[in-house]
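Peer 1: Pasting in a structure now, in structure tokens, and then I'll have a few things to ask.
The values are calculated or read from the model by the stated rules, or taken from the named source; none is laboratory data. Predicted model only: the values in this text are computed from it and were never measured. FYI the Cβ positions are ideal-geometry reconstructions off the backbone, even for glycines, and counts take in every protein chain you see.
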Amino acid sequence: MPFQDRTAELPDDQRIVMTAVGLTSPNGNSLEDYRAALLAGKSGVQSYNIRYVGDTLAGICNFEATKYQSRRDMRRGTRAGTIGIWCAHEAIARSGLDWPNIDKSRVGIYVGITEHGNVETENEIFLIKGYDYDTSVWSHHHNPRTVANNPAGEITLNLGITGPHYTIGAACAAGNAGIIQGAQMLRLGECDIAIAGGVSESIHTFGIFASFKSQGALATHADPTRASRPFDKDRNGIVVAEGGCLYILERLSDAKARSATLLAEIVSYAINSDATDFVLPNPERQAQCVQMALKRGGLAPDQIQIVSTHATGTASGDSQECEALRNAFAGCSSVRFNNTKSFIGHAMGAAGALELAGNLPSFQDRVCHATINVDNLDETCAIDGLVLNEPEPLDQVDYILNNSFGMLGINSVLIVRRF
Amino acid sequence: MTPAEIRDEILDILSDIAPDEDLSGLDDNKSFREQLELDSMDFLDIVMELRKRHRVQIPEDEYGNLASMASTVSYLEPKMRDIVAA
């Protein structure tokens, strides 16, 4: 039976598909390894120590950065740039694109970030402290490292890409926002290939840990692998993670012309704002964002098989999202809800893109990965269809809906479809 | 510092700035740029490291003295003569 959604009304040059993904996650550096870890219940959270804050926990990536970047450029650039370069190379290598002969002026780079520049600024302040705050030893590399386009710009420098590049600052909704931006630019004809998603180097800034701690929202647990526990009654906050995930996006007409393998089609998306609080989420607006994405895609809620939740492990945030989902998916008995942060922590700007990636293989294997570390489900998070602790086989997976929300009340929803 | 010690210090700085380069065959009389992939930001790194490590100040109009190892050592020798090598 043909798919029932709005894409049927669109010409192929307005339909956007994902043809490859490159990623690094605390529990895997390829889609295959990452997916295997998610199905096996393998966490990527470890003990971590960062200056001033001391011992804490983090999701830490371990990829072979020198495979694609010289040590000189790594020293000169940023961790976010290095993560972006790794992801872009991995995505291109898996895309089947004839990369040497691709017109690089028609490639656009759209990288979502939660924040950028904190790591580099903290490093410089730490350094000049040792020189009695003499700013003459402040690095001349500071500005190119901290300009907001840095992670995207480093990718263009490394790969010789001369099309547009910039980052999309969207707090923890940034991974989805990067993908959405790439899709929009393809539809507008601004590029022919979009390398889009999100990155995060946030574990290298003590400020993010200290701020979450001051807010009472930094996770602690004797066993690092058990610390990130969205929906559990004993959850006590966020585990900060680094990571990256970039997709190759193309117009369906171009992908068909080169007989590309398709991971998924972007069916719909929505971004809205709470306009209510700096930090606290607004379940009404979240539900509206989900409903807007469904409506734009010409979809009914019960057409979605998997909802990848945003939940971070904070007391109020998880409950609020579940309230939003309860409303948006009322009466939909077949939809399943899972959560990736329970495995890897919160990868900030990369989170939305990474969390979607881990679910994409379900189009083929028809398994919904679990939310791990739920020993005692919080009754305020109890929604029908939560997949807890063990993966659940499904009859069919056609649509995945990916939630990503962020501070200052930014909500993003992305819906992709099996192709 | 003796000229030999200054040379060792510059080599150490270069190994930080250009970690992918093999410095073992460096010709002291040829310019760094002929032999290594260094750009203006890298030369600023040499200036910065000398400032950080030894409080040696190099005015901008004298950066040209850092063209080769021989010219660098010759230029720095009077400035670093009284510094004790670590």
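Peer 1: What residue, among those in segment A:207-244 that are part of a loop (DSSP other than H, G, I, E, B) and in contact with a His (Cβ under 7 Å, 6 or more places away or on another chain), is surrounded by the most Cβ atoms within 10 Å (Cβ to Cβ)?
Peer 2: Going through the qualifying residues, I end up with A:Val239.
Peer 1: β-branched (Val, Ile, Thr), touching a residue at least 60 places away in the same chain (Cβ under 8 Å) and away from chain B (no Cβ under 14 Å): is that true of A:Thr121 in this structure?
Peer 2: Criteria not met by A:Thr121.
Peer 1: Which one of these does B:Asn29 not meet: (1) more than 9 Å from chain A (Cβ to nearest Cβ); (2) assigned to a helix (DSSP H, G or I); (3) not charged (D, E, K, R)?
Peer 2: Only one criterion in (1) more than 9 Å from chain A (Cβ to nearest Cβ); (2) assigned to a helix (DSSP H, G or I); (3) not charged (D, E, K, R) is unmet by B:Asn29, namely (2).
Peer 1: Here's another thing I want to ask about it. Quick check on segment A:191-206. Is at least one of its residues among the charged types (D, E, K, R), assigned by TED's automatic domain parsing to the domain that holds A:Arg51, closer than 30 Å to A:Glu265 by Cβ and touching a residue at least 40 places away in the same chain (Cβ under 8 Å)?
Peer 2: Checked segment A:191-206: at least one residue is among the charged types (D, E, K, R), assigned by TED's automatic domain parsing to the domain that holds A:Arg51, closer than 30 Å to A:Glu265 by Cβ and touching a residue at least 40 places away in the same chain (Cβ under 8 Å).
Peer 1: Moving on. Can you tell me which residue in segment A:31-47 is farthest from A:Asn359 (Cα to Cα), limited to those that are touching a Ser or Thr at 6+ places or on another chain (Cβ under 9 Å) and not in a helix (DSSP H, G or I)?
Peer 2: Selected residue: A:Ser47.
Peer 1: Touching a Leu at 6+ places or on another chain (Cβ under 9 Å), surrounded by 14 or more Cβ atoms within 10 Å (Cβ to Cβ) and in a loop (DSSP other than H, G, I, E, B) - does that describe any residue in segment B:66-80?
Peer 2: The answer is no; no qualifying residue exists.
Peer 1: Is it the case that B:Leu14 is under 13 Å from the mean Cα position of the chain (by Cα), within 14 Å of chain A (Cβ to nearest Cβ) and modelled with pLDDT under 95?
Peer 2: Answer is no for this residue.
Peer 1: Within segment A:57-66, can one find any residue that is more than 22 Å from the chain's Cα centre (by Cα) and either surrounded by fewer than 24 Cβ atoms within 10 Å (Cβ to Cβ) or under 30 Å from A:Thr225 (Cβ atoms) (or both)?
Peer 2: Looking for residues that are more than 22 Å from the chain's Cα centre (by Cα) and either surrounded by fewer than 24 Cβ atoms within 10 Å (Cβ to Cβ) or under 30 Å from A:Thr225 (Cβ atoms) (or both), one finds at least one in segment A:57-66, hence yes.
Yes/no per residue for (1) exposed (fewer than 15 other Cβ atoms within 10 Å of the Cβ); (2) assigned to a helix (DSSP H, G or I); (3) β-branched (Val, Ile, Thr):
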| residue | (1), (2), (3) |
| --- | --- |
| A:Asn49 | yes, no, no |
| A:Phe126 | yes, yes, no |
| A:Arg145 | no, yes, no |
| A:Thr162 | yes, no, yes |
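Peer 1: Counting only residues that are away from every other protein chain (no Cβ under 14 Å) and not in a helix (DSSP H, G or I), how many does segment A:75-93 have?
Peer 2: Final tally of qualifying residues: 1.
Peer 1: Let me ask something else. I want to confirm something. Restricting to segment A:94-107 and keeping residues that are crowded, with 19+ Cβ neighbours inside 10 Å and not small (Gly, Ala, Ser), which single residue is nearest to the other protein chains (Cβ to nearest Cβ)?
Peer 2: By that ranking, first place goes to A:Val107.
Peer 1: Looking at A:Glu122, A:Glu190, A:Glu154, which is the one that is surrounded by fewer than 20 Cβ atoms within 10 Å (Cβ to Cβ), modelled with pLDDT of 95 or more and assigned to a helix (DSSP H, G or I)?
Peer 2: It is A:Glu122.
Peer 1: Being within 14 Å of chain B (Cβ to nearest Cβ) and either acidic (Asp, Glu) or within 30 Å of A:Asn236 (Cβ to Cβ) (or both) is the filter here; which residues of segment A:54-74 pass it?
Peer 2: Within segment A:54-74, just A:Asp73 meets the criteria.
Peer 1: Within the set of pairs 6+ apart or on separate chains, which have a first residue in segment A:263-276 that is in contact (Cβ under 8 Å) with a residue 24 or more places away in the chain, a second that is among the hydroxyl-bearing types (Ser, Thr, Tyr), and C-beta atoms under 8 Å apart?
Peer 2: A:Leu263/A:Thr19; A:Leu263/A:Tyr247; A:Glu265/A:Thr7; A:Val267/A:Thr7; A:Val267/A:Tyr399; A:Tyr269/A:Ser412; A:Ala270/A:Ser412; A:Ile271/A:Ser412
Peer 1: Exactly one condition in (1) more than 28 Å from A:Leu218 (Cα to Cα); (2) surrounded by fewer than 24 Cβ atoms within 10 Å (Cβ to Cβ) is false for A:Val21; which is it?
Peer 2: The failed condition is (2).
Peer 1: When you look at B:Tyr63, is it within 14 Å of another protein chain (Cβ to nearest Cβ), of a type in the set (Phe, Trp, Tyr) and in a helix (DSSP H, G or I), yes or no?
Peer 2: When the stated conditions are applied, B:Tyr63 passes them.
Peer 1: Right, here's the next one. Might you let me know whether segment B:32-55 holds any residue that is among the hydrophobic types (A, V, I, L, M, F, W, C), more than 14 Å from chain A (Cβ to nearest Cβ) and assigned to a loop (DSSP other than H, G, I, E, B)?
Peer 2: Among the residues of segment B:32-55, not one is among the hydrophobic types (A, V, I, L, M, F, W, C), more than 14 Å from chain A (Cβ to nearest Cβ) and assigned to a loop (DSSP other than H, G, I, E, B), which makes the answer no.
Peer 1: Among the residues of segment A:347-359, are any in contact (Cβ under 8 Å) with a residue 12 or more places away in the chain, surrounded by fewer than 24 Cβ atoms within 10 Å (Cβ to Cβ) and in contact with a helix residue (DSSP H, G or I) (Cβ under 6 Å, 6 or more places away or on another chain)?
Peer 2: For segment A:347-359, residues in contact (Cβ under 8 Å) with a residue 12 or more places away in the chain, surrounded by fewer than 24 Cβ atoms within 10 Å (Cβ to Cβ) and in contact with a helix residue (DSSP H, G or I) (Cβ under 6 Å, 6 or more places away or on another chain): absent.
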